[in-house]
Amino acid sequence: MENQLFKPGERIAIGASGGKDSTVLAYVLSELNRRHNYGLDLFLLSVDEGITGYRDDSLETVKRNELQYGLPLKIVSYKDLYGWTMDEIVKMIGLKNNCTFCGVFRRQALDRGAALLKVDKVATGHNADDIAETVLLNILRGDIARLSRCTSITTGEDGPIPRCKPFKYTYEKEIVMYAYFKKLDYFSTECIYSPNAYRGFAREFIKDLERIRPRAILDIIKSGENFRISTSTKMPEQGTCERCGYISSQKWCKACVLLEGLNRGLPKLGIGRSRGLNSDVKKDIKQGGGTESIESKQCGSLDF
Amino acid sequence: MQLTLEFGGGLELLCESVKVHNVNVDLPKGVDKLTMRNLLSWVRTNLIKERPEMFMKGESVRPGVLVLVNDCDWELCGQLETTLEEKVVVVFISTLHGG
């Protein structure tokens, strides 16, 4: 309530994957909407990344949710939006860094789906554990720009469509317990391509921490919220992508960089630091459109 | 002792995709009460057919696996020291997957 997440009459898309968080979110939001007459127009929005044996099964769960909770469903697919399924992408780039592609593409896919549904906000099921992992990940990578944004309960208010995480302070354990006792129907398998994801290390650590001192998860989020960045630090500015118009802090948005790499058979384009690959890219781009550099630059350091 | 064990959240895949097991657990020698500690090693030996590291880490369950004893969180009943009675229902739910 105090975070002012929703206003009456708003159209909200719930990012639904069929997993525990989004199923519980859909259930809770539709229950509360009904019980307290929030007057919200709720929709289920699902992304089909094209992962056989994982996504096709979980989408079946979302379709059941659509019937069970009476919320209209829209599915957007990578194949339609980008011309590539995750299966095809992994065949090309292997099992490392595939989560980078998927994560970048998914965020855009959610925004495009939300635009098609003409909603005012997108709600996702990220829970406290997820946010604590993200804070840790951003610290480990020294990504200050993301660190300052990742703990906000609502992000992107100045961008295409704002996104909020109602479960920001809810422990993953609480969500699972709730789903169990309410006998909610959800899909529970690890994505087959995820074992090498960097986030896995952060997750192991957070789980071990939770065992010793459960409050640690909320404390990490609080620390993330309290970070102050020195005013002398250079921060990337938010502009728009030259190629597709999406929000971006570089000349091209990450999704366009990655897609360009895929379509040209350069799977490393947009991955990691620009260590010599940049010069090849520069040559190519000069012949093409004339952008200076499409690799991310390092952006300043934390002052204590 | 007759017990019912349930596996959820993906753990059933470690037990040949069977979610509910009605089992008979013998007390270890010299022990008059069955504790969760005993039960866990029994489960690892007799029910987990693959990837035991997904279920247990050291003496206890892997962090991220919830344990309910008769619908009560085991952290409230003594965790590994929880004593089990006849016909108790123990549920193991994994939380480690996408949401």
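The values are calculated or read from the model by the stated rules, or taken from the named source; none is laboratory data. Because the structure is a prediction, the values reported are computed rather than measured. With ideal geometry, Cβ positions are generated from the backbone for all residues, glycine too; neighbour counts draw on all protein chains shown. With ligands, DNA and RNA removed, areas are computed over all heavy atoms of the protein, side chains included. Shrake-Rupley method; radii C 1.70, N 1.55, O 1.52, S 1.80 Å.
Some notes on this structure:
- Distances between placed amide hydrogens fall under 5 Å for A:ARG243 paired with A:CYS253, all partners being 5 or more residues away or on another chain.
- For A:ILE144, the solvent-accessible surface with a 1.4 Å probe is about 10 Å², rounded to the nearest 10.
- The GNM of chain B, with springs linking C-alpha atoms under 10 angstrom apart, assigns the highest mean-square fluctuation among B:THR35, B:THR83, B:THR45 to B:THR45.
- For B:LEU66, the amide hydrogen comes within under 5 Å of the amide hydrogens of B:ILE93, B:SER94, B:THR95, counting only partners 5 or more places away or on other chains and with H modelled in the peptide plane.
- Distance between the pseudo-spin-label points of A:LYS7 and A:ASN37 (7 Å out from Cα toward the beta carbon): 2.0 nm.
- For the protein assembly as shown, with +1 on Lys and Arg beta carbons and -1 on Asp and Glu, the positive-most of A:ASN98, A:TRP252, A:LEU44 along the dipole: A:TRP252
- Remark: spin-label model distance A:LYS268-B:VAL31 equals 5.4 nm, labels positioned 7 Å along the Cα→Cβ axis.
- For segment B:2-94, the alpha-carbon radius of gyration amounts to 0.98 times the rule-of-thumb value 2.2 N^0.38 Å expected for a compact globular protein.
- Between helix A:216-226 and chain A there is an angle of about 60 degrees, using the helix long axis and the longest principal axis of the Cα atoms.
- Computed accessible area, B:TRP42, all protein chains, 1.4 angstrom probe, square angstrom: 60
- Between the helical axis of A:55-69 and the longest alpha-carbon principal axis of chain A there is an angle of about 40 degrees.
- Ligands, DNA and RNA aside, A:THR52 has an accessible area near 90 Å² when probed at 1.4 Å.
- Heavy-atom SASA rank of A:TYR178, A:TYR54 (probe 1.4 Å, accessible area, largest first): A:TYR178, A:TYR54
- Cα→Cβ-extended label distance, 7 Å offset, between A:THR52 and B:GLU85, nm: 5.2
- Helix B:36-46 and the longest principal axis of the C-alpha atoms of chain B enclose an angle of approximately 60°.
- Dipole check for chain A: with +1 at the C-beta of Lys and Arg, -1 at the C-beta of Asp and Glu, and the Cα centre as origin, the magnitude is about 400 Debye.
- Label-zone membership for segment A:91-135, site A:ASN196, 7 angstrom Cα→C-beta point, backbone N under 16 Å: A:91-103
- Normalised alpha carbon radius of gyration of the protein assembly as shown [divisor 2.2 N^0.38 Å]: 1.08
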